[in-house]
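The values are calculated or read from the model by the stated rules, or taken from the named source; none is laboratory data. From a predicted model like this one, the values you see are computed outputs, not experimental measurements. Using ideal geometry, Cβ is built from the backbone for each residue, glycine included, and neighbour counts are taken over all protein chains shown.
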Amino acid sequence: MEGELSAAPRRSSGLPDGGAGGDGGDSPSALLPAEALDLDGDEDDLEVFSKDASLMDMNSLSPLMPTSPLSMINQVKFEDEPDLKDLFITVDEPESHVTTIETFITYRIITKTSRGEFDSSEFEVRRRYQDFLWLKGRLEEAHPTLIIPELSSHKKQGPGLLSKVGQTVRAVALSLRGVKSRPEEFAEMSDFIEAFSQKISLIDKISQRICKEEREYFDEMREYGPIHVLWSESEEDLVDTLRGVASCIDRCCRAMEKRLSGLSEALLPVVHEYVLYGEMLMGVMKRRDQIQAELESRLEAAAHKKADTDLLTAELGRLEDRLECANTALKADWERWRRSMRSDLTAAFRDAAARNVQYYEQCLATWESFLMSQTDLHTKEPSEDKP
């Protein structure tokens, strides 16, 4: 592609959940970082997730564009600020496929753009879940400190045998060894990630429990109203009162159902997604530390002259450049992620607060109206009994 996609995606949601055969799921949400795709004028290379696409330079990433991980929106938008040219990537319409040897799910991927370097303004392909996993793996290989959303289904499945075998002894050793002197800013990042992960995980767990308990309360309330209606059929003097109570309960139930729906769609997905981010960020820090540990190991070998000096000098230069690029990318993406995290969680909690206020105001108005009607009724009854 001529020029770089300098903007980061506005949202960073998890990729689609895996289904049968590890290739699908019920959720069509996906994050498609277009910076990872080198799209040129060749029409064959314009298909999203083409495995022939090459990954771009790490420096093409820009921290200036905020992201939003709201899971309900399956759209990614990129902007080149000077020209405001747009690139939209939408992932939707999961479709199940059954063959004699496997069952898998594919997703429709639509790319729309106003960029002149593309031969067409719209492209459409279908890709299966393995392609999303492939893309995530390639991104992590090429950009070890890029903040890429975690896959919950991928975590449940765990690494396969080939993945385990593929881990080199050197990587494992470096991981266990750690680093001698982690820069202070990255030490602060690590401390923040650990504290953030603990807090957001607790909030997620409590939020899920509250939603579950309120859903059970809602189910009980739905049965409560009809009971008053049945009761009114056997109490002639209480018909209006009992039916009024049943009507109030019904209105409150509808308000509560709307509130619970909002919480399930707006709050819970955002909170849980940042739980996954916490786990993913720990992996990012681990990969950064591995690069530094490898450099320190080579420096130590050079100090003791345990290897060919010329080869070691060249390798040291390569590792120093790699570490500098990794640190630069992580610092830039970290600031973007922090801004996005604050914005997304603030919006989610404010939305939940507004829904709670609206719900309780509606319930209060409903019951106050009922009490006023009952007061007026009892006020009129004595005057009607007078001769």
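If you go through the stretch 238-259 one residue at a time, how many are in contact with a helix residue (DSSP H, G or I) (Cβ under 6 Å, 6 or more places away or on another chain) and either not in a helix (DSSP H, G or I) or not β-branched (Val, Ile, Thr) (or both)? Walk me through how you get there before you give the answer.
Kept after step one, since they are in contact with a helix residue (DSSP H, G or I) (Cβ under 6 Å, 6 or more places away or on another chain), are these residues of the stretch 238-259: 239, 242-246, 248-253, 255-256, 259.
Going one step further and asking which of them are either not in a helix (DSSP H, G or I) or not β-branched (Val, Ile, Thr) (or both), we end up with 242-244, 246, 248, 250-253, 255-256, 259.
Counting residues in the stretch 238-259 that are in contact with a helix residue (DSSP H, G or I) (Cβ under 6 Å, 6 or more places away or on another chain) and either not in a helix (DSSP H, G or I) or not β-branched (Val, Ile, Thr) (or both) gives 12.
Identify, from the list Arg339, Arg322, Arg298, the residue that is in the same structural domain as Met189 (by the TED database) and either under 25 Å from Ala195 (Cβ atoms) or hydrophobic (A, V, I, L, M, F, W, C) (or both). Break it down into steps so the answer makes sense when it comes.
Numbers: Arg322 fails: either under 25 Å from Ala195 (Cβ atoms) or hydrophobic (A, V, I, L, M, F, W, C) (or both); Arg298 fails: either under 25 Å from Ala195 (Cβ atoms) or hydrophobic (A, V, I, L, M, F, W, C) (or both).
When all the criteria are applied, what remains is Arg339.
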